[in-house]
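The values are calculated or read from the model by the stated rules, or taken from the named source; none is laboratory data. These figures come from a predicted structure and were not determined experimentally. Ideal geometry is used to build each Cβ from the backbone, glycine not excepted, and the neighbour counts take in all protein chains shown. Just the protein is used for accessible areas: all its heavy atoms, side chains included, with ligands, DNA and RNA removed. Shrake-Rupley method; radii C 1.70, N 1.55, O 1.52, S 1.80 Å.
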Amino acid sequence: GDCSNVTGALSDLPPLTFYLSLSNCSLVTGALSDLPPVTYYLNLSGCSQVTGDLADLPPLTNTLNLSNCSQVTGAYTAVNGDNVPKTTILTGTGVSSTDMDATLIAYAACTKTGGTFTATGKTRTTASDAAVLHLTTPTGSGGLGWTVTGLTVV
């Protein structure tokens, strides 16, 4: 990460399955569908030329950071049980309110507790109210104890 002179396409990456950080590598190009099946940590924050749909990502278990990847759209619903990122950052993406709702609803159906979901400046609708309530309710009260920040309800 933080290698501003790195160039190339995501499709040229070698086989990876665990960890990929190309944060602030703004010259990297390609679509999310070109990524190898990374399952633990994915950080492409600041990779403004990366495109694609969140649906093309595999389940991640630790981190999903696509901050300032404005050409990334869609819903991230490839989650289940404990297979959901502990940290998700979708600030500065092109994710619509409807897709944000679908993502939050999918996260709320999981079992992982104590995560963080940040999407500063993004919107959601009332369709995800119950999901956000379940995510943010403390575990002692039957929720998942997540912190959800940055979203505005439209």
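Some notes on this structure:
- Region 1-29 residues that are assigned to a helix (DSSP H, G or I), paired with ones that are buried (at least 16 other Cβ atoms within 10 Å of the Cβ) (beta carbon under 7 Å, 6 or more apart): Leu10/Val28; Leu10/Gly30; Leu10/Ala31; Leu10/Asp34; Leu10/Leu35; Leu10/Val50; Ser11/Gly30; Ser11/Asp34
- With respect to the conditions (1) more than 29 Å from Gly8 (Cβ to Cβ); (2) touching a residue at least 24 places away in the same chain (Cβ under 8 Å); (3) not in a loop (DSSP other than H, G, I, E, B), Leu133 falls short on a single one, namely (2).
- Any chance Ala119 is closer than 21 Å to Ala55 by Cα, crowded, with 16+ Cβ neighbours inside 10 Å and out of contact with any Gly (no Cβ under 6 Å at 6 or more places or on another chain): no
- Scope region 62-86; condition touching a strand residue (DSSP E or B) at 6+ places or on another chain (Cβ under 7 Å) and on the phi > 0 side of the Ramachandran plot; matching residues: Gly74
- Out of Ser141, Ser97, sole residue that is surrounded by fewer than 20 Cβ atoms within 10 Å (Cβ to Cβ) and touching a residue at least 40 places away in the same chain (Cβ under 8 Å): Ser97
- Within region 47-77, the set of residues being hydrophobic (A, V, I, L, M, F, W, C) and open to solvent by 50 Å² or more (accessible area, probe 1.4 Å) comprises just one member, Ala55.
- Criterion applied to Leu20, Leu44, Leu10, Leu35 was being surrounded by 14 or more Cβ atoms within 10 Å (Cβ to Cβ) and in contact with an Asp or Glu (Cβ under 6 Å, 6 or more places away or on another chain), and the one residue passing it is Leu10.
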